[in-house]
Each structure stands twice: as C-alpha cells, then as structure tokens.
Amino acid sequence: MYEDLKADLLAQQLIPMVEYEWATRPAGNHGTFQQDFEVASDDGDDCKGALAMEGSIDLYTHGRAPVIWAGIEAILSRHCGPSWYMNMEVVDEATKLLHREYVFQTEE
C-alpha cells in the first residue's frame with residue numbers, strides 16, 4: 001500500500017524526501033514522491049473493489065548516486081514487488097542536478 005511505501009521513504013536516511021513538493025527546494029541531494037493516478041480497478045456491485053494506483057519518485061543528486069538509488073530501489077521492491085521501473089535520467093537544467101524518476105504501482 002502507498003501509505004507503507006510513504007512511511008519507508010520518509011524514514012530512510014539516504015536522501016531528504018517529501019511528498020509532492022518542497023516549500024523551499026534544498027540545494028543538495030533531495031527527492032519527492034506522490035501518487036499520480038488510478039491505473040486499474042475491479043468494479044462490481046455498484047462499488048469499487050481492488051484499486052491500483054501509479055505514482056512516481058523523483059531524485060535529484062549531484063552526479064551519479066548508486067548508493068542512494070540502490071536504497072530507494074530496495075524500498076520500491078519491498079513495497080511494489082516488480083511493479084516499478086526507472087523511467088528517466090536527465091540533468092535538470094535549472095539546478096544542474098541529475099534527475100532520476102522512478103514510476104511505481106501500489107494496490108490500495
């Protein structure tokens with residue numbers, strides 16, 4: 001579930017994280033995460049049953065950060081199993097930080 005993933009992301013000590021966005025963006029390594037939209041549901045008897053949500057994690061680091069990435073990937077694997085992937089890796093022009101995005105799915 002998303003709430004368990006959220007708790008682990010906030011508790012990890014590898015990189016400062018916040019849900020949605022920073023009030024003031026940190027200058028150093030940092031990240032954000034959020035649920036983005038519903039991807040599947042099992043509807044029946046006039047109600048919504050099982051629900052899958054897609055979300056994303058955005059990490060901003062000074063260059064390559066394999067220790068941070070491995071730690072975040074371990075959290076994703078623990079909570080999402082194989083339902084996550086690294087979507088992109090680009091240099092953020094505004095900050096010159098390396099931006100890596102992960103996309104994940106959770107069952108609610």
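Run through segment 59-101 and list the GluC sites (Glu not before Pro) located in a DSSP loop whose Cβ has at most 12 other Cβ atoms within 10 Å.
Hits after loop and neighbour filter: E93.
Give, in nm to one decimal, the length gained when the segment between E3 and M86 is fully stretched (0.36 nm per residue of separation minus the Cα-Cα distance).
On the way: separation 83, 0.36 × 83 = 29.88 nm, distance 2.07 nm.
Full extension of this stretch gives 27.8 nm more.
Quote the FRET efficiency, to the nearest 0.05, computed for R25 versus A70 with a Förster distance R0 of 25 Å and r equal to the Cβ-Cβ distance.
Calculated value: 0.55.
Helix 2-11 versus the longest principal axis of the chain: what is the Cα-based angle in degrees, 0 to 90, to the nearest 10?
Taking the Cα atoms of the chain, the angle to 2-11 is about 20 degrees.
Would you compute, from DSSP H runs of 4+ residues alone, the mean residue ellipticity of the chain at 222 nm, taking -39500 (n - 2.57) per run and dividing by the full residue count, rounded to the nearest 500?
For the chain, the value works out to -7500 deg cm²/dmol.
Can you tell me what the convex hull of the Cα atoms of segment 58-108 projects to on average, as an area in nm²?
Numbers: hull surface 14.9 nm².
Projected over every direction and averaged, the Cα hull of segment 58-108 covers 3.7 nm².
Let a ≥ b ≥ c be the square roots of the eigenvalues of the Cα gyration tensor of the chain; is it rounded (a/c under 1.5), or, if not, prolate (a/b larger than b/c) or oblate? Before the final figure, lay out the partial values.
On the way: a/c = 2.21, a/b = 2.05, b/c = 1.08.
It is prolate, given that a/c is not under 1.5 and a/b is the larger ratio.
Sorting L51, L14, L59, L5 on the 10 Å Cβ count, fewest up front, what's the list?
L51, L14, L5, L59
What's the longest uninterrupted piece of the chain once you rule out the trypsin sites (Lys or Arg not before Pro) that are loop residues per DSSP with at most 14 other Cβ within 10 Å?
1-63
Helix 66-80 sits at what angle to the longest principal axis of the chain, using alpha carbons and giving 0 to 90 degrees rounded to 10?
Helix 66-80 and the main axis of the chain meet at about 10 degrees.
For the chain, build the charge dipole from Cβ charges (+1 Lys, Arg; -1 Asp, Glu) around the Cα centre, then report which of L14, F33, A74 sits farthest towards its positive end.
Working it through, the farthest residue towards the positive pole turns out to be L14.
Quick note: the coordinates plus some simple rules give every number you see, no bench work behind them. Values in this document were obtained by computation on a predicted structure and should not be read as measured data. Note that each Cβ is placed from the backbone with ideal geometry, even for glycine, and that neighbours are counted across all protein chains shown.
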